[in-house]
Amino acid sequence: MKRIRLPFAPGINVDFADRELALRRVEEWANKGTYPVQVVYGPEGCGKTAWLRQSVELLRELGFDVIYINPTESGARVELGVVDLRERLLALVREATEQGTWGRVAWAIIDIARSAIEARVRKLAIIVDDVFQAIGIDKAALYVKGLLGILEHPPAEYERVITIVATSEGVSLREVGRHNWAEFKPIWNMPREGFKQLYDQIPGGKPPFEDMWQVTGGNPRTLLRLYKNNWNTENTVKELIREKDITPQFTVKWRTWLEKAVEDPDALWNPDAPEELINELIRMNLILHNLHDRDPWFWVDQPPPEKDSELGIGKYVAWQTPLHREAVRKALESLKADGSSP
Ligand SMILES: Nc1ncnc2c1ncn2[C@@H]1O[C@H](COP(=O)(O)OP(=O)(O)OP(=O)(O)O)[C@@H](O)[C@H]1O
Ligand SMILES: [Mg+2]
């Protein structure tokens, strides 16, 4: 399979690295079809989009027609043999790129997929990447139900249909999870060897690999951010605090629990841990809560370790990356520096 090139930073492209198990998983789906809809979630910037874009190539090679959209990045790939359906979808994508009407594209895909099956497309892959914001998180479950309908009540016989939905919005998972219309498949940051393949492709002087592994936990976007900031970790943490809106009010309010969670994220698994805080940390995309069993069967790629206190990974709760934890630690430290210490 041809490895795609990915833009890493201005003027730097990299080859898609590793994710061997995740690609094998796609092959498995291509052989068996998916039932029900597969909802893939994982830390932000862990490489879901990159993997899905590489998967489009893989599925093409395996003889699939493919519909892929990513409203958040205004990205789409329409590989449909039925010309009028392809043109219809591409016209909607063009309109969405100009006017932001991505919600309309997302909903139209369900109808177009059904028409493609009616037109005797035998192998079809529908991949919707980060679509829940565009359609409204409250409609996430309904949307997944619509995709499931393609599998359960197709308008004609088909050989194989696969439907993959990817998201890093922890909130949307709850909405979808109340029904059994989807199977949840988590993906973690890159495994160490795979991450090294990416690290090695970055030109110029750079900090030792081991340091970057400890700061990023294998998260490719965090590596990219560090590169962009001339490898200045402190500034990157400050940037994250601002971006995540980790305000002094928030930090003061939850200080005791945040201090515990920085030491060990599993503190948030304690029955006494405030639900309001857990919900906030999920909404802010700082943690993953209720981590799956580490049996690789449940995961799209290599699962995270059972527990790794250096990387902020607990058995049930994990910081999305060590840098996310560092942002909270820094915010707590700033309280002390500002004299709000008890
Ligand atoms: N396997 C990989 N090989 C090379 N580069 C990668 C790989 N995975 C991710 N990247 C790069 O890392 C960055 C973040 O990855 P990507 O956008 O795929 O993450 P994501 O999980 O989709 O993020 P989000 O949660 O925001 O949707 C991108 O610049 C991407 O090109
Ligand atoms: Mg993405």
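The values are calculated or read from the model by the stated rules, or taken from the named source; none is laboratory data. Everything quoted here is computed from the prediction, not taken from an experiment. With ideal geometry, Cβ positions are generated from the backbone for all residues, glycine too; neighbour counts draw on all protein chains shown.
Observations on the model:
- With respect to the stated conditions, Leu198 is farther than 15 Å from Ala106 by Cβ and not in a loop (DSSP other than H, G, I, E, B).
- Picking from residues in the stretch 118-145 that are more than 16 Å from ligand 1 (Cβ to nearest atom) and touching a residue at least 40 places away in the same chain (Cβ under 8 Å), the one that is farthest from Ala76 (Cα to Cα) is Ala141.
- Flag if Asn180 is polar (S, T, N, Q), more than 16 Å from ligand 1 (Cβ to nearest atom), modelled with pLDDT under 95 and at negative phi: yes
- In the set Arg53, Arg3, only one residue is within 16 Å of ligand 1 (Cβ to nearest atom), of a type in the set (D, E, K, R) and either outside the structural domain of Val165 (by TED's automatic domain parsing) or at pLDDT below 95 (or both); that residue is Arg3.
- Count of the stretch 24-38 residues which are polar (S, T, N, Q), crowded, with 20+ Cβ neighbours inside 10 Å and at pLDDT 95 or above: 1
- Restricting attention to the stretch 190-215 and to residues that are charged (D, E, K, R) and under 22 Å from the mean Cα position of the chain (by Cα), the residue that is surrounded by the fewest Cβ atoms within 10 Å (Cβ to Cβ) turns out to be Glu193.
- Yes/no for Trp297 being aromatic (Phe, Trp, Tyr), outside the structural domain of Gly170 (by TED's automatic domain parsing) and crowded, with 17+ Cβ neighbours inside 10 Å: no
- All conditions in (1) surrounded by fewer than 22 Cβ atoms within 10 Å (Cβ to Cβ); (2) within 16 Å of ligand 2 (Cβ to nearest atom); (3) touching a residue at least 60 places away in the same chain (Cβ under 8 Å); (4) in a helix (DSSP H, G or I) hold for Leu21, with the sole exception of (2).
- Among the residues of the stretch 39-65, not one is assigned to a strand (DSSP E or B) and surrounded by fewer than 21 Cβ atoms within 10 Å (Cβ to Cβ).
- Look at (1) in contact with a Leu (Cβ under 9 Å, 6 or more places away or on another chain); (2) surrounded by 17 or more Cβ atoms within 10 Å (Cβ to Cβ); (3) free of Cβ contacts under 8 Å to residues at least 12 places away in the same chain and you find that Thr101 fails only one, number (2).
- Subset of the stretch 177-206 that is in contact with a Lys or Arg (Cβ under 9 Å, 6 or more places away or on another chain) and farther than 20 Å from Trp51 by Cβ - its residue that is farthest from ligand 2 (Cβ to nearest atom): His179
- Residue satisfying all of: in the stretch 39-87; acidic (Asp, Glu) and free of Cβ contacts under 8 Å to residues at least 12 places away in the same chain; farthest from ligand 2 (Cβ to nearest atom) among these: Asp84
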